[in-house]
Amino acid sequence: MSIRLLSTEVASQIAAGEVIERPASVVKELLENSLDAGAKTISISVEEAGKKMIEIADDGLGIPSAELELAVSRHATSKLVRSEDLFSISTLGFRGEALASIGSVSRMTITSRVKSEKEGARLKVEGGKSGKPTKVGTPVGTIVRVEDLFYNVPARLKFLKTDVTERRAIDSLVTRYALAYPDKRFKLSEGKSVALQTSGDGDRRSILAALYGVDVAKQMLEVMAEEDGYRLSGFISPTSLTRSNRREITFFINGRWVHEVALSTALLQAYHTLLMVGRYPLTALFLEIDPEDV
């Protein structure tokens, strides 16, 4: 068989698979974009666990009309200019892959406006093919609506979990970001039901209550420490409050949810002699460090 270059469409779908694995991946990428845009209020709506529809609306800075087409191009980003910037990134996103990847495996509509423009613009992307922006009236901020995720990649659609599992992944993601950003107002709607709504008053314990229940939230112990430029804050469970798995061990580094084995190992070593074998703590810990040390 001859060697040939992949078509742009196929290459985009393969690249999208590296970024977008499930509906929660779409929510994560768009949610991080909203946070990077300085949004104070972020509303997330999903239907059929995100398989049918995901919409994220924010009141952030927005995207200038003239840059909307560029925003859905691969490797287009406002967060990185030089290779040296990779060592001092303070934003959640920087690769310029999110919108292009999402648009290549869905029917996506972006509506956005910046404060300096009287009108906003709307752009539709279907299976990686972009239309032309049209002028629309819309508030300052951005709305991204993603429909029929993986409609053109049936093999990936086939491997998605049940609606219950996919919905749980979205719930977990949004709630944890609400914990990391208690000064932002989050609203997560699933169909006609509101799964999560935060006030943005900065109270992390109230968000813990939404995640684990009021009784658990009351028992969680607040921690705070600072040394040599490292700042640690958050909550840990007392030894009387445990789980049978590690899923409730949550770490954020500079506002990004991370799954870091070294951090989890260090935490479990601290609990080592205090917990029964096979029992694990609940934690929500936030580490702030110099981006160059990440």
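Pull up the stretch 146-175, narrow it to residues that are of a type in the set (Asp, Glu) and assigned to a helix (DSSP H, G or I), then point me to the one that is surrounded by the fewest Cβ atoms within 10 Å (Cβ to Cβ). Don't jump to the end; show me each part of the working.
Initial filter on the stretch 146-175 (of a type in the set (Asp, Glu)): 147-148, 163, 166, 171.
Going one step further and asking which of them are assigned to a helix (DSSP H, G or I), we end up with 163, 166, 171.
On the way: Asp163: 15, Glu166: 19, Asp171: 19.
Per the stated criteria, the residue is Asp163.
Taking the stretch 237-254 as the region of interest, how many residues are surrounded by fewer than 16 Cβ atoms within 10 Å (Cβ to Cβ) and in a loop (DSSP other than H, G, I, E, B)?
At the first step, the residues of the stretch 237-254 found to be surrounded by fewer than 16 Cβ atoms within 10 Å (Cβ to Cβ) are 238-240, 243-247.
Pick out the ones that are also in a loop (DSSP other than H, G, I, E, B) and you get 238-240, 244-247.
Number of matching residues: 7.
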(request) Confirm whether Ala121 is part of a helix (DSSP H, G or I), out of contact with any Gly (no Cβ under 8 Å at 6 or more places or on another chain) and hydrophobic (A, V, I, L, M, F, W, C). (result) no
(message) Please go through (1) more than 20 Å from the chain's Cα centre (by Cα); (2) among the polar types (S, T, N, Q); (3) over 28 Å from Leu61 (Cβ atoms) for Thr138 and return the number of the only condition it doesn't satisfy.
(response) (3)
(message) Just to verify a result, which residue in the stretch 255-285, among those that are touching a helix residue (DSSP H, G or I) at 6+ places or on another chain (Cβ under 6 Å) and assigned to a strand (DSSP E or B), is nearest to Ala217 (Cα to Cα)?
(response) Ala284
(request) Go through the stretch 124-140 and give me each residue that's not in a strand (DSSP E or B) and not aliphatic (A, V, I, L, M). (result) Gly127, Gly128, Gly131, Lys132, Pro133, Gly137, Thr138, Pro139
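Every number here is computed from the coordinates shown, using simple stated rules; none is lab data. Quick caveat: nothing in here was measured; it's all calculated off a predicted structure. As a convention, Cβ positions derive from the backbone with ideal geometry for all residues, glycine included, and neighbour counts pool all protein chains shown.
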